[in-house]
Amino acid sequence: MYAEMEREKVIEYLNEIMYDGKSIVIIDPYFFSKSTNITLKNYINDMEKVLENINEVLIITHWNKENYEKEVKEFFQKKNIKYRIFKTRKLHDRLWIKNKTDYYVVGSSFNSVGFSFGFIYKLERERIKVAINKYLIEKINSSHLHKKIKQELEEFLAK
């Protein structure tokens, strides 16, 4: 749990829990959204800290008019991080999945984490992880995504 105006602490904590990660799924409807709380430079610096050792990123988000998507893609390319981005309005909760095994519920979107009260909670029970994967696959299947993309997402999320 974190209080308002503690972004540095939250970024440090996210770095600690993602440090040994090689792949990550980030489900965050506002992941690329611009924020009045953070500049593009700080957003990219924070992402660099959190994704320091990550080789592969899958982001499931909404499409937002004002966003940092172009700059984030450039960051991934510069760091040689393999990335895939899918957009759907079917998922609203914020969830980070490290190495397909460690699940974290993240209360705020990345662009606003640490600016207001929130939490990061690790899900430990295997049956909850299985239920979440099933839920995600159902939501993806009910979305407008192309069949090939749905299959790719299902394979990525499957255990």
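A few points about this structure:
Rundown of residues vs (1) surrounded by fewer than 20 Cβ atoms within 10 Å (Cβ to Cβ); (2) touching a residue at least 24 places away in the same chain (Cβ under 8 Å), yes/no style:
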site	(1), (2)
ILE24	no, yes
THR39	yes, no
VAL50	no, yes
ASN53	yes, yes
LYS65	yes, no
VAL72	no, yes
ILE97	no, yes
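- Restricting the range 74-83 to residues that are in a loop (DSSP other than H, G, I, E, B) and not aliphatic (A, V, I, L, M), the residue that is surrounded by the fewest Cβ atoms within 10 Å (Cβ to Cβ) is ASN80.
- Among the conditions (1) within 23 Å of GLU16 (Cβ to Cβ); (2) at pLDDT 90 or above; (3) surrounded by fewer than 18 Cβ atoms within 10 Å (Cβ to Cβ), the only one that ASP93 does not satisfy is (2).
Yes/no per residue for (1) within 14 Å of the chain's Cα centre (by Cα); (2) closer than 30 Å to LYS41 by Cα; (3) charged (D, E, K, R); (4) part of a strand (DSSP E or B):
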{"site": "ARG89", "(1), (2), (3), (4)": "no, yes, yes, no"}
{"site": "ILE97", "(1), (2), (3), (4)": "yes, yes, no, yes"}
{"site": "TYR104", "(1), (2), (3), (4)": "yes, yes, no, yes"}
{"site": "ASN111", "(1), (2), (3), (4)": "yes, yes, no, no"}
{"site": "ARG127", "(1), (2), (3), (4)": "no, no, yes, no"}
{"site": "GLU138", "(1), (2), (3), (4)": "no, no, yes, no"}
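- Search result, residues across the range 115-125 that are part of a strand (DSSP E or B) and either at pLDDT 85 or above or farther than 30 Å from GLU6 by Cβ (or both): ILE120, TYR121, LYS122, LEU123
- Selection of the range 1-22 for residues being in a loop (DSSP other than H, G, I, E, B) and either surrounded by fewer than 17 Cβ atoms within 10 Å (Cβ to Cβ) or of a type in the set (Phe, Trp, Tyr) (or both) yields MET1, ALA3, GLU4, MET5, TYR19, ASP20, LYS22.
- Residues (over 11 Å from ASP28 (Cα atoms), without any contact (Cβ under 8 Å) to a residue 40 or more places away in the chain and basic (Lys, Arg)) located in the range 74-95: LYS78, LYS79, LYS82
The values are calculated or read from the model by the stated rules, or taken from the named source; none is laboratory data. Keep in mind it's a predicted model, so treat the numbers as computed, not measured. Here Cβ is always computed from backbone atoms with ideal geometry, including for glycine, and neighbour counts include all displayed protein chains.
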